[in-house]
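Step one of this worksheet: look at the structure below.
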């Protein structure tokens, strides 16, 4: 099989694998894919056409828990219901009886109350009379409460009190056409997109006889409104199109309806409500009846009106069938494969892929808005799948593009492979890609670089007792991982010094001193994590643990090609190199595995949370330098110091300001929160000694090291 044939079958296999994975994930309702599809549909709902607002629908809102101070004493004396709603909610049911009578007498065609009058309360007699008198126009609610356990779903009914609606003889109370269930179940992501118009007793886990059929508040309202033929058949939930958000159904205040002067001036003595469907329910935030919808949060009554409005206009939507969706996904996979063969240039291929993706999106949007043009009006409008086919198209194309790129890189890598066995990868890259720049640097130039030294602790002792072959194998595994991390973070491996690793950033190429320093510190942290994993593996294989110390420093050095005529190597020399080595040695003294020089700390302080360790005058230097370690990622306003660390840092400041008693107290507080902290205990010991024997004015907090 030649190379071209292999490429063909590999590309076809990649696209087939992506398509098969998407088909399987779709068939098992993979949650991220389901969520992505929900999101794309919600985006269509937000950007696409909305259901036209029907002016025959009116919302009266319970917009506050009390109308205290809203009415005058004279108004409340003339209209007792005003005094009732000036009391804290829930109000006497005389209010609802009066409201029903007032709206019915004004000619309202349907009066729907989105409330469950569950417990007996004052005014039940009046409400019951009103429900009887206007039974052909009134609907109130009851709840289907669903409780879910690991094994099963349980449904229970919360019904109006028998003092409000008495159960009919020989029938279930829910069959009373004045009752509709108010419960609307959200989709898996807790967003309300679909509405149930009816249920059977079987579907409600036997809380009702199997033959009983119950209808929703919206279905009952449509019947009372004379539009029973617009209620969708069956018991399946229906996806409905919302009206435009932003208060389309702006609630009328109950107080304004009950107050005679506003009833007359604002609503023409009720003429406004003639032949209307009036829905009454809680709209105030304090009523806690807000729900998530594709258009944002809405109060429950407004959602019920959206459902009724959608039914009045036939604005129901449906997804494509499972079979059609699977077919679309498969076609997207084939299309991804075809594009990979037709357009070999990556840029052209990407442009075509994005153009096709955009075209599919606009087709989905167009059908979402206008499918009624091609589908009979009675049929639900169409929602095309978006997330799954576009995922296949984009991921399939991207994986093949990555594969092609990898092939090209593998071809180029063959030239480098032999060199990289002997020379650091970034040196090879610069040598091959920018030879003139590389050779100019070999004459010796001064550059600011970051140097990392790492050393295996107690290695000499290990060589005396360990099996030599096993130790060499273990050390090679260690070097393999450490060098990989250096290269992964764009560093240059300068040399191995026995069991020590010396790496440099900025000697060949550099984005900036700060970028070099951050990459070096990131390498040190990765070395720490990788060594922990290696030790776990070595322990399982019966091998010894290795422990390292790492020192990182930044400064100006001489970069040059040093050596003899027979062997030369690109390396760095200078005081900054020596200090990095000294810092690595000091890790044992401070019981740490990583120390940063002062110059590095200044460059990485905006990325890492640093901890002050000491001020040290290393051997061979006349001036002390501050030494730090990494306490965590994040700095500045992105992260706050743990309390123990904040106490420690303040203690160090007080210690350096000669406030030893205060420093000791802070170190004790730090140790109470982190008892095993070596540095806090060390500073506490120093502070207590200096409290007992106060130093003179010449005392300096810097520690002078007499050995390396």
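Take peptides 61-68, 550-557 and line them up by average Cβ neighbours within 10 Å, highest first, as a rough protection proxy.
Highest-to-lowest ranking by the protection proxy: 550-557, 61-68.
Quote to one decimal, in nm, the extra length available between residue 643 and residue 35 on full extension: 0.36 nm per residue of separation minus the C-alpha distance between them.
The span from residue 643 to residue 35 would gain 214.9 nm if fully extended.
Give the calculated FRET efficiency between residue 145 and residue 166 to the nearest 0.05, with a Förster radius of 22 Å applied to their Cβ-Cβ distance. If you can, show how the numbers build up before the last one.
Details: r = 22 Å, r/R0 = 1.00.
Computed FRET efficiency for residue 145 and residue 166: 0.50.
Determine the percent antiparallel among the DSSP beta bridges restricted to the chain, to the nearest 5.
Working: 54 of 82 bridges.
Among the beta bridges of the chain, antiparallel pairing accounts for roughly 65 percent.
Using only the alpha carbons, work out the radius of gyration and Dmax of region 477-533 in angstrom.
11.1, 32
What ranking do 293-306, 651-664 get when scored by the average of other Cβ atoms within 10 Å per residue, highest first? Intermediate results must be reported in sequence, preceding the final value.
Details: 293-306: 21.9, 651-664: 18.2.
Sorting 293-306, 651-664 by mean packing, highest first, produces 293-306, 651-664.
Could you work out how far apart the two model spin labels at residue 480 and residue 689 are, taking each label as a point 7 Å from the Cα in the direction of the beta carbon, and quote it in nm?
It is 4.6 nm.
Kindly state, to the nearest 0.05, the FRET efficiency for residue 262 paired with residue 532, given R0 = 60 Å and r defined as their beta-carbon distance.
Details: r = 74 Å, r/R0 = 1.23.
Step by step, r from the Cβ atoms, then E = 0.20.
Once fully extended, how much extra length lies between residue 334 and residue 659, figured as 0.36 nm per residue of separation less the alpha-carbon to alpha-carbon distance?
Details: separation 325, 0.36 × 325 = 117.00 nm, distance 7.49 nm.
Contour length minus the Cα-Cα distance gives 109.5 nm.
Please identify which residues in region 85-110 have an amide N closer than 18 Å to a label point set 7 Å out from the Cα of residue 228, following the Cα→Cβ vector.
109-110
If you split all Cα-Cα distances of region 52-314 into 5 Å bins from zero, what percentages do you get per bin, shortest first?
1, 6, 13, 18, 20, 18, 13, 8, 3, 1, 0, 0
Measure nothing fancy, just the Cα-based angle from helix 513-540's long axis to the longest principal axis of the chain, in degrees from 0 to 90, nearest 10.
Value to nearest ten degrees: 90.
I'd like to compare 166-173, 276-283: which one has the highest average count of other Cβ atoms within 10 Å, and what's the full order after that?
Values: 166-173: 11.6, 276-283: 24.5.
Ranked from most to least packed, the peptides come out as 276-283, 166-173.
Treat the count of other C-beta atoms within 10 Å as a stand-in for reagent exposure and order 316, 678, 496 from fewest to most.
On the way: 316 20, 678 10, 496 13.
By the 10 Å Cβ count, ascending: 678, 496, 316.
Divide the volume of the convex hull of the Cα atoms of the chain by its number of residues and quote the answer in cubic angstrom per residue. Walk me through the numbers before you get to the answer.
On the way: hull volume 207.7 nm³, N = 708.
In the chain, the Cα hull volume divided by residue count equals 293 Å³.
How far is helix 300-313 tilted off the main Cα axis of the chain, in degrees rounded to 10, range 0 to 90?
The angle comes out at about 70 degrees.
Please compute the contact order of the chain in relative form: average sequence separation of alpha-carbon pairs under 8 Å and at least six residues apart, divided by the residue count, as a percent.
On the way: 1139 pairs, mean separation 75.9, N = 708.
Value for the chain: 11 percent.
In Å and whole numbers, how far do the C-alpha atoms of region 642-708 stretch along each principal axis, longest first?
33, 30, 17
What FRET efficiency, computed as 1/(1 + (r/R0)^6) with R0 = 22 Å and r the Cβ-Cβ distance, is obtained for residue 211 and residue 177, rounded to the nearest 0.05?
On the way: r = 17 Å, r/R0 = 0.76.
Between residue 211 and residue 177 the formula returns 0.85.
Give the distance, in whole Å, between the Cα centre of region 667-690 and the Cα centre of region 197-245.
71 Å
Rounding to the nearest 10 and keeping the result within 0 to 90°, find how far the Cα-based axis of helix 3-27 lies from the longest principal axis of the chain.
The answer is roughly 40 degrees.
Assign one of three labels to region 502-614, namely rounded, prolate or oblate, based on the Cα gyration tensor with a ≥ b ≥ c the square roots of its eigenvalues; rounded applies when a/c is under 1.5, prolate when it is not and a/b is larger than b/c, and oblate otherwise. List each step's numbers first, then the result.
Values: a/c = 1.87, a/b = 1.27, b/c = 1.48.
Here region 502-614 falls in the oblate category.
None of the figures in this text is laboratory data; all of them are computed from the coordinates on show. Here the structure is a predicted model, which is why all the values come from computation and not from measurement. All Cβ positions, even for glycine, are placed from backbone atoms using ideal geometry, and neighbour counts span all protein chains on display.
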